[in-house]
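Student: Quick one: the structure is below, questions incoming.
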Amino acid sequence: MTHQKPNHLGREYADQFKDRSMAEAYVNYPPYPAEVFEVLQSLIQDETRTVLDIGCGTGELARPLAAFVDRVDAVDQSAAMIEIGKARKGGDRPNIRWVCRSAEDFPFESRYSLIVAGASLHWMDWYDVLPRMAGALSDSGYLAIVGGHEIDAPWVDDLKAILRTYSTSGDRGSFNVIDQLEHRNLFSVAARRRTTPTKHQMSLERYVDLLHARTGFSRQRMGQESAEKFDAAVRDLISPYVRRHRLSLEMVSNITWGHPLSGVA
């Protein structure tokens, strides 16, 4: 069994999230629905409720979770993400410990009731990080992988063509991190949950800006001319769907929880 990850998940692509422009664009995503946090809370069985959010970004999971647990360690390699996360709602809670380190450099010294990863695991060195997660969880602890913000919209298929044209990371194709980890004997799934769709509205400009939080669309790496052409193409595509200056979006999240493994067959 090969340890080789898909090429588009290499370190050079993960490092894009260190860009200030990526962190600034990230805040445009709608928040995770309350149902996500109800599920995550239900997975914590220990009396002392300690959570690790690995690859936390701006703390979209860490900040709301901190309201319900004793401590959250929010770890990310991007100083810009952490700086913005601290300034956002709930980011100054005293029970959040913000740590600017990569998952590979994080020591996993505590014992956690729950480890959460929101669309971040695919960038990590799986054979290094997953076994150490296993050792850092309590006997009743889980690793919960929360799928990214999925948008069900009538323009998605046409948008994919624009994304392929302008991405600095090339065409990533289809990819499922859960399947990859299971195949490598690094993760055992216990259960899955797909949230009830929730409605959100946002301006066209906010929607265009949030696309720059995706890998391959950092404004710093695209360059001004390419970024402007990309933005114009997206506006042209989506403008017909704007009603009263707002786009209507339907969002869902996927939660998969289970046990990290050693990778040894």
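Student: How far, in degrees from 0 to 90, does helix 156-166 lean away from the longest principal axis of the Cα atoms of the chain, to the nearest 10?
Tutor: Taking the Cα atoms of the chain, the angle to 156-166 is about 90 degrees.
Student: Here is a further query. So, with a 1.4 angstrom probe, what is the percent of accessible area on the chain that is carbon and sulfur? Mind dumping the intermediate values first?
Tutor: Working: 5660 of 12420 Å².
The C+S portion of the solvent-accessible surface of the chain is 46 percent.
Student: Can you pull the one-decimal nm distance between simple spin-label points at residue 128 and residue 242, each 7 Å off the Cα toward Cβ?
Tutor: 4.5
Student: Would you mind finding the longest exposed-site-free stretch of the chain, with exposed trypsin sites (Lys or Arg not before Pro) meaning DSSP loop and at most 15 other Cβ atoms within 10 Å?
Tutor: Segment 112-243 is the longest.
Student: I've got another one for you. Evaluate the charge dipole of segment 103-222 about its Cα centre and quote only its size in Debye, nearest 20, assuming +1 on the Cβ of each Lys and Arg and -1 on the Cβ of each Asp and Glu.
Tutor: 260
Student: May I ask you to derive the FRET efficiency for residue 93 and residue 188 from their Cβ-Cβ distance with R0 = 30 Å, giving the value to the nearest 0.05?
Tutor: The pair residue 93/residue 188 has a calculated efficiency of 0.40.
Student: Could you run the Karplus curve 6.51 cos²θ - 1.76 cosθ + 1.60 with θ = phi - 60° over segment 177-192 and give me ³J(HN,Hα) per residue in whole Hz, x for Gly and Pro?
Tutor: Whole-Hz 3J(HN,Hα) from phi for segment 177-192: 5, 4, 4, 4, 5, 5, 4, 8, 6, 10, 7, 10, 6, 9, 6, 9.
Student: Treating the angle as unsigned and between 0 and 90°, give the value, to the nearest 10°, between the Cα long axis of helix 126-136 and the longest Cα principal axis of the chain.
Tutor: The angle comes out at about 50 degrees.
Student: In the full protein assembly as shown, how much of residue 222 is accessible to a 1.4 Å probe, in Å² to the nearest 10?
Tutor: 20
Student: Full-extension gain between residue 161 and residue 220, please, as 0.36 nm times their residue separation minus the C-alpha to C-alpha distance.
Tutor: 19.1 nm
Student: If you roll a 1.4 Å probe over the heavy atoms of the protein chains, what accessible area per residue do you get for the chain, in Å²?
Tutor: Value returned for the chain: 47 Å² of accessible area per residue.
Student: What's the angle, to the nearest 10 degrees (0 to 90), between helix 224-238's Cα axis and the longest principal axis of the chain?
Tutor: 80
Student: Could you run the Debye sum over the Cα atoms of segment 158-255, one equal point scatterer each and no solvent, and tell me log10 of I(q)/I(0) at q = 0.12, 0.20, 0.24 Å⁻¹, two decimals?
Tutor: One equal scatterer on each Cα of segment 158-255 leads to -0.56, -1.08, -1.22.
Student: In segment 228-265, whose amide N lies under 18 Å from the spot 7 Å out along Cα-to-Cβ of residue 204? List them in ranges.
Tutor: In segment 228-265, the label zone of residue 204 (backbone N under 18 Å from the point 7 Å along Cα→Cβ) covers 228-249.
Student: Just to confirm the filter: which GluC sites (Glu not before Pro) across segment 81-128 are DSSP coil and have at most 10 other Cβ within 10 angstrom of their Cβ? Let's see the in-between values first.
Tutor: Details: sites: 83, 104, 109; in loops: 104, 109.
Sparse-neighbourhood loop GluC sites (Glu not before Pro): 109.
The values are calculated or read from the model by the stated rules, or taken from the named source; none is laboratory data. What you are looking at is a predicted structure, and each value in this text was computed from that prediction instead of being measured. Every residue, glycine as well, gets a Cβ built from its backbone with ideal geometry; the counts of neighbours run over all protein chains shown. Ligands, DNA and RNA are excluded from the accessible area calculation, which covers all protein heavy atoms including side chains. Shrake-Rupley method; radii C 1.70, N 1.55, O 1.52, S 1.80 Å.
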